1. In Å, what Rg and Dmax follow from the Cα atoms of segment 330-414?
2. When all alpha-carbon pairs of segment 70-196 are counted, what percent fall beyond 17 Å?
3. So which lysines pass the test for residue 246, namely a Cα distance under 18 Å, with those fewer than 8 places away in the same chain ruled out?
4. Could the peptides 117-130, 26-39, 317-330 be put in order, highest first, of the mean number of other beta-carbon atoms found within 10 Å of their residues?
5. Just report the Cα centroid separation between segment 280-343 and segment 144-218, whole Å.
6. From the alpha carbon gyration tensor of segment 1-160, can you work out the equivalent ellipsoid semi-axes (sqrt of 5 times each eigenvalue) and give them in Å, largest to smallest?
7. How far is helix 122-138 tilted, in degrees, relative to the longest principal axis of the Cα atoms in the chain, given as a value from 0 to 90 rounded to the nearest 10?
8. Count neighbours as other Cβ atoms within 10 Å of each site's Cβ, and list the trypsin sites (Lys or Arg not before Pro) in segment 34-81 that are DSSP loop with at most 11 such neighbours.
Amino acid sequence: MTTLLIRNIRLLVQTEKHPRRVVRGADMRHLPTIPNAFVLIEADRIAAFGPMEQCPQRADVVLDASGRLVLPSWCDSHTHLVFPAARDEEFVDRICGLSYEEIARRGGGILNSARRLRQMSEDALFESAWQRLCEVIAQGTGAIEIKSGYGLTTESELKILRVIRRLKAVSPIPIRATFLGAHAIPEEYRHRRNEYVDLIIHQMLPRVAEEDLADYCDVFCDRGFFTPQETERILQAAWKFGLKPKIHANELANSGGVQVGVANGAISVDHLECIGHQEIELLRNSLTLPTLLPACAFFLGIPYAPARQMLDAGLPLVLASDYNPGSAPSGRMAFVVALACIQMKMLPEEAINAATLNGACAMELENEYGSIAVGKKANLFITRPMTSVAQVPYFFGTDPVETVIVNGRIWKQP
Ligand code: NIG
Ligand code: FE
């Protein structure tokens, strides 16, 4: 069994002696760390960690992390990583004054991506997604969720989900797949939206389940997209096929997404830029995880989710990238953490908890990922030289990630 030892770590971050499922509210301020530490990895798992006085003498591979931090890899629980092409023309349209919703109403946005995806081969789609996956792994992501939703026909949704399945087969990091047939109403169904919902329920979901292509079911429940009633119909059908809900809610308006998500046992409700006291109370009394996507608010220039209010109410916040071509063309989790601190006033400790352990929990992977704990998978990274946890978001323009370890092996080295 190959052993890898990381020694002289200035600060070993997010250590756990007694693994937790999730961290919430005031506890999110606590990010357990060990100064002057080591981590020992055997094969693909963490075998031991602690202060340098207890450091083993030898290992097959030894890395010196002097002056550096070690963190568990980011757990990015919300992405749309498989997409056909960039949408930089719409980016320029928005600079010139159009809003995201106006672009969508004109048949751009998600429908634009769906048109392009239909013309693209599965192989080409896979190649471009594989590049993006490698890019985010090099940026420290060690577990990820990927959604469909740029197909919007049965065949195209199956195509994008098969691409995700191919990624799963070759990816060194775990991938959770989410079926998002209800991402937008296709043009041809604009005046008969019920028929599209029927198509999702009676044709897409059974095929997705039959081929075992997804772990979760998502709906873009928001103004101009799917109503809470439509969302509920889809989520209830999805449950029958064993797909748990994980939905887009309250990005563009306070339109009932949180309510329908909680009522239908969603693992998470994501976005939440438009949320009030009532929704926060509802989340407090549920098992549904609130996931914030500040890179989307940043890129679209919309208000940020009220993270402080949610933390003060005791909620367990999750942070994810939302990597997609329309509202967040970046999967760089370190930047998401920086935005959470700079724009949403989350403490660095809170943001790192949200982007590691809580992110893992939002993918039901918390037993294996999200912290430095004995027996967990050895997905972690060594930062470039820095002196505190706060420097991770403070130097927002520089990637903190220097060396990446995936499954106990060096994936990227400076
Ligand atoms: O999370 N809100 C819905 N879906 C994505 C945007 C998708 C797109 O514009 O391509 C999001 O922001
Ligand atoms: Fe999204």
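1. Both quantities, over Cα of segment 330-414: 13.0, 36 Å.
2. In whole percent, the share of Cα-Cα pairs in segment 70-196 beyond 17 Å is 60.
3. 147
4. Values: 117-130: 15.5, 26-39: 17.8, 317-330: 25.6.
Ranked from most to least packed, the peptides come out as 317-330, 26-39, 117-130.
5. 24 Å
6. 43, 20, 15
7. Approximately 40 degrees, to the nearest ten.
8. The qualifying sites are 58.
The values are calculated or read from the model by the stated rules, or taken from the named source; none is laboratory data. The model shown is predicted, which means the values in this text are computed figures rather than measured ones. Every residue, glycine among them, receives a Cβ derived from its backbone with ideal geometry; neighbour counts consider all protein chains shown. In case anyone asks, the SASA skips ligands and DNA or RNA and just uses the protein heavy atoms, side chains included. Shrake-Rupley method; radii C 1.70, N 1.55, O 1.52, S 1.80 Å.
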